[in-house]
Amino acid sequence: MTNSIRFDDGAAYERYMGAWSQLVADKFLTWLAPTPGQRWLDVGCGNGAFTETVVERCAPATVDGIDPSEAQLAFARTRPAARLAQFRTGDAVALPFANVVFDAAVMPLVIFFVPDPARGVAEMARVVAPGGSVSAYAWDLTGGGFPYEALQAEMRGLGATVPTPPSPEASRLDVLHTLWTGARLADVETCAITVQRTFADFDEYWTTILGGPSVRAGLMSMSPEQVLHLQSRMRECLPADATGRITYGARAHAVKGRVPA
């Protein structure tokens, strides 16, 4: 990764990104329309935010989650989903599973972190049985859809280094479509998903971003004066309503395809 982003705090990630992920997951799963009783694989499951939604909504037969961060997996194992889901360390481009052992494989908010996205998609297709689903959703990084894009832009303007994932272009709808058809998946479809999140007040927003893996190092490198300036700018960028709440949106891109019979 460029300026490596580390996900090593499951609770901080939950506040920073897990809540956003579940907002998208609800709409994504409605669009995916899976049938009950499937064997699921969550690639890059992180702290289990998406896995939890699958268990709650999709009546899966089994769920396996893999992630390179043992700290994130430790948090995932504390979730109610752990009553069904199995979590283990693993690499998206070398899945630790045999061929055709799942009915659905999904990569939630992960594909732009994969240095070789095409290989990651091919690996998902390999482990899914004929007729099964291979899907993903990703923040629209190149189109400004990332939930903390405004914050990152202000930080860059102040000279702070903001880490970027290795494959941001993989979040584009056209690139996702090409990746899925390139893996010889059938019935490939894409869509954009927009969501909104509300913070109780600016303090909740600020506390949330302080633990954010994509901005934490940059914030720590800034002077106290720069941080105060950044806070002031973000108050302007994210105006509160009459009750002090802050609501704003984000956009993700989704793709799905089927393993040919």
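Beta bridges from DSSP with both residues in the range 10-258: antiparallel share about 50 percent, rounded to the nearest 5.
Its Cα gyration tensor gives the range 114-213 an equivalent ellipsoid; the semi-axes, largest first and in whole Å, are 32, 16, 12. 3J(HN,Hα) along the range 40-46, derived from phi through the Karplus expression 6.51 cos²θ - 1.76 cosθ + 1.60 where θ = phi - 60°, amounts to 9, 10, 9, 8, x, 5, x Hz, with x in place of Gly and Pro.
Once the other residues with Cβ under 10 Å from the Cβ of Val93 are scored (Lys, Arg +1; Asp, Glu -1), what is the net sum? Net of charged neighbours comes to -2.
Ser21 sits among other residues whose Cβ lies under 12 Å from its own Cβ, and their net charge, with Lys and Arg +1 and Asp and Glu -1, is -1.
Can you give the Rg/Rh ratio of the chain, where Rg is from the C-alpha atoms and Rh is the Kirkwood radius? Numbers along the way, then the final one.
Values: Rg = 18.3 Å, Rh = 18.8 Å.
Computed over Cα atoms, the ratio is 0.98.
Here the contact order of the range 10-258, divided by its residue count and restricted to Cα pairs under 8 Å and six or more residues apart, works out to 21 percent. Dipole check for the chain: with +1 at the C-beta of Lys and Arg, -1 at the C-beta of Asp and Glu, and the Cα centre as origin, the magnitude is about 380 Debye. Overall, the anisotropy analysis places the range 92-158 in the prolate class: the square-rooted eigenvalues a ≥ b ≥ c of its C-alpha gyration tensor yield a/c not less than 1.5, with a/b exceeding b/c. With a/c under 1.5 counting as rounded, go ahead and sort the range 133-172 into rounded, prolate or oblate using the C-alpha gyration tensor (a ≥ b ≥ c being the square roots of the eigenvalues; past the cut-off, prolate if a/b is larger than b/c, else oblate). Verdict is prolate for the range 133-172. The protection proxy used here, the mean number of other Cβ atoms lying within 10 Å of each residue, ranks peptides 23-30, 180-187 as follows, highest first: 23-30, 180-187.
Could you give the dipole magnitude of the range 145-253 about its Cα centre, charging the beta-carbon of Lys and Arg +1 and that of Asp and Glu -1, in debye to the nearest 20?
About 160 debye.
Give a quick list of trypsin sites (Lys or Arg not before Pro) in the range 206-253 that DSSP marks as loop, anything other than H, G, I, E or B, with at most 16 other Cβ atoms within 10 Å.
On the way: sites: Arg216, Arg233, Arg235, Arg245, Arg251; in loops: Arg245.
Qualifying residues, ordered by number: Arg245.
Dividing the summed -39500 (n - 2.57) terms of all DSSP H runs of n ≥ 4 by the residue count of the chain sets its mean residue ellipticity at 222 nm at -10500 deg cm²/dmol.
Of the residues Val215, Cys237, Leu141, the one whose Cα sits farthest towards the positive end of the charge dipole of the range 10-258 is Leu141 (charges of +1 on Lys and Arg Cβ, -1 on Asp and Glu Cβ, taken about the Cα centre).
Readers should treat all values here as calculations from the given coordinates under stated rules, not as data from a laboratory. Bear in mind the structure is a predicted one, so any value in this text is a computation, not a measurement. Cβ atoms come from the backbone with ideal geometry, glycine included; neighbour counts cover every protein chain shown.
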